[in-house]
Amino acid sequence: MEWLNRLVTRRYRQPHFQQARGRVLDVACGTATNARYVPDATEYVGIDVSVDMLEQAAANVDWLTRGETLREMDAQNLDFEDDSFDTVISSLSTCTFPDPVAALSEMGRVCAPDGQILLLEHGRSSVGSIARFQDWRADAHFEKHSCRWNQEPLDVVVESPLTVVESSSALLGIITAIEARPE
């Protein structure tokens, strides 16, 4: 999926995740694509439930240069102390969590009170015909990819105990960048 990052998501990940500071937790890090966009001065910790994804991330050692840490872990049950991170980031992930509100709650729990949570999510388009297509194919898409591609990312965050500081959307309303903070 590196081609997808280069073609589409890089232009959104880069400016959004460059805001990260301090100790950074990347939730559902996959192949650690986000690691290349956080500032060099940060301490990067990536977690994912998939050992295969973490192995692929570790294989990218040529660009993992800050002593990054990769751990197998469930986003809905983070094995970190409260207030452990200055920044929590995640991209294109809430659509796959069995309980996205629980995962967002955990992100808030491990984020320092003065920290930030940076999310880059995809969801239902703001363009009627595209949104209707997404709705029509939602069940089949979920069955094949375990992805709720027509969710409303801001609605999911508002349901959680996080406070939205700022948000913006792009790519026909499909991509949503969210800055939030713990409650």
Read through the list (1) touching a helix residue (DSSP H, G or I) at 6+ places or on another chain (Cβ under 7 Å); (2) open to solvent by 70 Å² or more (accessible area, probe 1.4 Å), then give the number of the only condition that L118 fails.
(2)
Among the residues listed as L104, L70, L119, L92, the single one being among the aliphatic types (A, V, I, L, M), under 24 Å from V45 (Cβ atoms) and in contact with a Gly (Cβ under 8 Å, 6 or more places away or on another chain)
L70
Taking the range 161-183, which residues are open to solvent by less than 20 Å² (accessible area, probe 1.4 Å) and out of contact with any strand residue (DSSP E or B) (no Cβ under 8 Å at 6 or more places or on another chain)?
G173
If a residue has to be open to solvent by 20 Å² or more (accessible area, probe 1.4 Å) and within 13 Å of R181 (Cβ to Cβ) to count, how many in the range 73-115 make the cut?
5
Residue check: is L54 surrounded by 15 or more Cβ atoms within 10 Å (Cβ to Cβ) and either in contact (Cβ under 8 Å) with a residue 40 or more places away in the chain or under 16 Å from P182 (Cβ atoms) (or both)?
no
Kindly indicate which of S129, S105 is among the polar types (S, T, N, Q), free of Cβ contacts under 8 Å to residues at least 24 places away in the same chain, more than 22 Å from T9 (Cβ to Cβ) and out of contact with any strand residue (DSSP E or B) (no Cβ under 9 Å at 6 or more places or on another chain).
S129
Which residue pairs have Cβ atoms closer than 9 Å, lie 6 or more positions apart in sequence or on different chains, and pair a first residue in the range 9-25 that is free of Cβ contacts under 8 Å to residues at least 40 places away in the same chain with a second residue that is open to solvent by 20 Å² or more (accessible area, probe 1.4 Å) and in a loop (DSSP other than H, G, I, E, B)?
Q18/P39
Pick from the range 127-160 the residues that are open to solvent by 40 Å² or more (accessible area, probe 1.4 Å) and β-branched (V, I, T): which of them is modelled with the highest pLDDT?
V158
Consider E68 carefully, then state whether it is of a type in the set (D, E), modelled with pLDDT under 95, on the phi < 0 side of the Ramachandran plot and open to solvent by less than 50 Å² (accessible area, probe 1.4 Å).
yes
Can you name every residue in the range 5-35 that is open to solvent by 90 Å² or more (accessible area, probe 1.4 Å) and either under 23 Å from G108 (Cα atoms) or in contact with a His (Cβ under 9 Å, 6 or more places away or on another chain) (or both)?
Q18, R21
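The values are calculated or read from the model by the stated rules, or taken from the named source; none is laboratory data. Since the model is a prediction, treat every value here as computed from it, not as a measurement. When we count neighbours, we look across all protein chains shown, and the Cβ atoms used for this are built from the backbone with ideal geometry, even at glycine. To get the accessible areas, we keep the full protein, side chains included, count just its heavy atoms, and leave off ligands, DNA and RNA. Shrake-Rupley method; radii C 1.70, N 1.55, O 1.52, S 1.80 Å.
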